[in-house]
Amino acid sequence: MNRVITLLLTIIALGLSANAQQKVPAYRGEIVREQPDGYQLKTYLRGDERSHFAMTIDGWQIKENAEGFLCYAKQKKDGSIVPSRKTAHNEADRTKCETRWLRRKGIKKTI
């Protein structure tokens, strides 16, 4: 009887540990996020619950700043990814200055 109980507990423990190791992917569809100023930004999420990031529809990585705005991400010298001071916009709404900044300092991700 003890062997049966030990076997059942082992099977349950293995099943629980297998479920704990599975990663759940981020929602793959388009998400429209409203900025604090009312602007509607189209975004994607990529990754899973352990490692993830958001990006614009055309692939620029974005991060939320302290005020709640989604801004283009930039990489610091130490390698960390932080929000820039440039508020993110959909591709059609970007200024030439914003586009130049993205080409120089933005982080482009594959879709």
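Residue by residue through the stretch 96-106, which ³J(HN,Hα) values in whole Hz follow from phi under the Karplus form 6.51 cos²θ - 1.76 cosθ + 1.60 (θ = phi - 60°), with glycine and proline marked x?
4, 4, 5, 5, 4, 4, 4, 5, 8, 10, x
Top to bottom by accessible area (1.4 Å), largest first, where do Arg33, Arg85 land?
Solvent-accessible surface, decreasing: Arg85, Arg33.
Using alpha-carbon pairs under 8 Å, 6+ residues apart, how would you state the relative contact order of the stretch 28-83 in percent? Could you put the intermediate results ahead of the total?
Working: 90 pairs, mean separation 12.0, N = 56.
Relative contact order for the stretch 28-83 comes out at 21 percent.
The values are calculated or read from the model by the stated rules, or taken from the named source; none is laboratory data. This structure is a prediction, so every number in the text was calculated from the model and none was measured. Side chains are part of the model used for accessible areas, which takes the heavy atoms of the whole protein and leaves out ligands, DNA and RNA. Shrake-Rupley method; radii C 1.70, N 1.55, O 1.52, S 1.80 Å.
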